[in-house]
Amino acid sequence: MTDRLITSPYLPRRNFLYGLGASLGSVAFSAMLEAEEKKPKSSESPLSPKKGHFESKAEHCIFLTMEGGPSHIDTFDPKPALKKLHLKEFQRDGEMKSAMESGKRYYVQSPFSFQKQGESGAEIATNWTHLAKNVDDICFYRGCQVDSVNHPTAMYQLNTGNRFGGDPAMGSWVTYGLGSVNQNFPGFVVLPEVSFPQGGAANWGNGFLPAYFQGTPLRSKGAPILDLLPMSHVTREHQRENLDLLAALNQQHQLLHPESDELSARMDAYELAFRMQTEVPELVDLSKEDRKTQNLYGIGKEPTNAFGKKCLLARKMVENGVRFVQLYAGSWDSHDYIERAHGNLVRRVDQPIAGLLSDLKQRGLLEKTLVVWCGEFGRSPDNGVRGGTAYGRDHNPKAMTIWMAGGGVNAGHTIGATDETGAVAVENVHHIRDLHITLLKLLGLDDNKLTYFHGGRFKQMSQFGGEVIPELIA
């Protein structure tokens, strides 16, 4: 039978390959065929809205990324035991000495006081004066751990699940699984600082997923997207004619390279840019928002103006159907002077974030928008002696606080715990891959089904699988 299949000049190529038998190659080929069948038809955009694997409240995600590693001990995880240990040598073999005498590592108490807030009694630092009003809409999680103490690899793991980069970002996975409601704007939008985070654009790359699903960064200053609008003498009709001609030429070229998706993605990007010309200018124009709304986000005053604009823009984007928006606030790497450093950073983001949660809620958007706040790792309860009273903290991958709001989370609860000094998570402890799986589930996606065939196997965001953290879900 096999010989006849091989020698028949009339047998379709697919049937010929199926006839090779149940070898490893045929299994892989079958998987590729299955993946091929799942690709959108040529008339359908890869970013067309899709149903998730199960019903969910969350339809969009706003991911607030505090780059540098904010200290859980000085924000949302109070450690009163550090007050008695302050400036004592970091405990080794049960012995403690004055760090000011030994010059070694010493414990550092938080310079901030904490207070229970809301009906839930969530304990947060008192300098979060605005967010304190929103704690009953928030689920605080203190049990997450990561693998790396280096900023670039930790950022990659936070965003992609892979410490070494090159894999798709979470926003790419979400838009791959759900598409986007708004076809006139990218499905995955990133609002970075002037300087990109450590690790660069790979933090929002599409990895091995088709290029349609990569994140689109908007500039933090000046025009959000350069060269979006044509020169004044080029009419919209002229643009349409040029794009049609270019598409015809590209389609002819693509027939010679069917294995590459980059040309298709570039063609779609041209079309998307053409559609964005009518929608983006109005969407990114915050001046049309009333003064009350701008004041809610702290726009028009310092130090909240810059991050306030990002948060308001994020609200407008999800309101207009963008699936995944990631905001960056940098400089949380406080090895020294943590009172001054974290104090200034909290003043920058506190009112904008609280304004975002309140605005989403009053517009009926919070229930269907998952809001996530986190950094790439937490901070240590101890530090080296640096200038006498220059108290700060080092990187800590074994303890961190992440909080979520909206989108079906277990609001008004604090889940998990760290030890008495905040050095390590000890209750409801989960690796960050489990957090990724949980966030996907809140958006209606099953990590075990959200796969893509690449490199000879089906790949998923969690890398090696994991488990949902049920306590985080209402």
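Within the group Asp136, Asp147, which residue is part of a helix (DSSP H, G or I) and more than 17 Å from the chain's Cα centre (by Cα)? Break it down into steps so the answer makes sense when it comes.
Values: Asp147 fails: part of a helix (DSSP H, G or I).
Answer to the check: Asp136.
Inspection of the stretch 352-367 finds no residue satisfying the criterion of being in contact with a strand residue (DSSP E or B) (Cβ under 9 Å, 6 or more places away or on another chain), part of a loop (DSSP other than H, G, I, E, B) and surrounded by 21 or more Cβ atoms within 10 Å (Cβ to Cβ).
So which strands (runs of 3 or more DSSP E) stay within the stretch 392-474 end to end and still have 3 or more residues that are among the aliphatic types (A, V, I, L, M) and either under 19 Å from the mean Cα position of the chain (by Cα) or surrounded by 22 or more Cβ atoms within 10 Å (Cβ to Cβ) (or both)?
Details: elements: 402-405, 413-415, 425-427, 452-454, 457-459.
Strands (runs of 3 or more DSSP E) meeting the threshold: 402-405.
Among residues of the stretch 204-229 that are closer than 22 Å to Leu64 by Cα, those with a beta-carbon under 7 Å from a residue that is among the hydroxyl-bearing types (Ser, Thr, Tyr) and at pLDDT 90 or above at least six positions away or on a different chain give the pairs Asn206/Ser172; Gly207/Thr160; Gly207/Ser172; Phe213/Ser172; Phe213/Thr175; Phe213/Tyr176; Gln214/Ser172; Gly215/Ser172. Before we move on, is Gly321 assigned to a loop (DSSP other than H, G, I, E, B) and of a type in the set (Gly, Ala, Ser)? Yes; evaluated as a whole, the condition is true for this residue. Within the stretch 178-198, the set of residues being more than 20 Å from Leu313 (Cα to Cα) and buried (at least 24 other Cβ atoms within 10 Å of the Cβ) comprises Leu178 only.
Of all residues being among the acidic types (Asp, Glu) and at pLDDT 95 or above in the stretch 390-447, which is farthest from Asp333 (Cα to Cα)? Just the residue, please. Give the derivation first.
Restricting attention to the stretch 390-447, the residues satisfying the condition of being among the acidic types (Asp, Glu) are 394, 419-420, 427, 434, 446-447.
Narrowing further to those that are at pLDDT 95 or above: 419-420, 427, 434, 446-447.
Details: Asp419: 22, Glu420: 23, Glu427: 26, Asp434: 25, Asp446: 34, Asp447: 31 Å.
Taking the candidates together, the pick is Asp446.
Output yes when any residue across the stretch 298-305 is assigned by TED's automatic domain parsing to the domain that holds Phe185, surrounded by fewer than 24 Cβ atoms within 10 Å (Cβ to Cβ) and either within 18 Å of the chain's Cα centre (by Cα) or assigned to a helix (DSSP H, G or I) (or both), and no when none is. Within the stretch 298-305 (the criterion being assigned by TED's automatic domain parsing to the domain that holds Phe185, surrounded by fewer than 24 Cβ atoms within 10 Å (Cβ to Cβ) and either within 18 Å of the chain's Cα centre (by Cα) or assigned to a helix (DSSP H, G or I) (or both)), the answer is yes, since at least one residue qualifies.
The values are calculated or read from the model by the stated rules, or taken from the named source; none is laboratory data. Please read these numbers as outputs of a predicted model, since none were measured by experiment. Cβ sites come from the backbone with ideal geometry, for glycine too, and all protein chains shown count toward neighbours.
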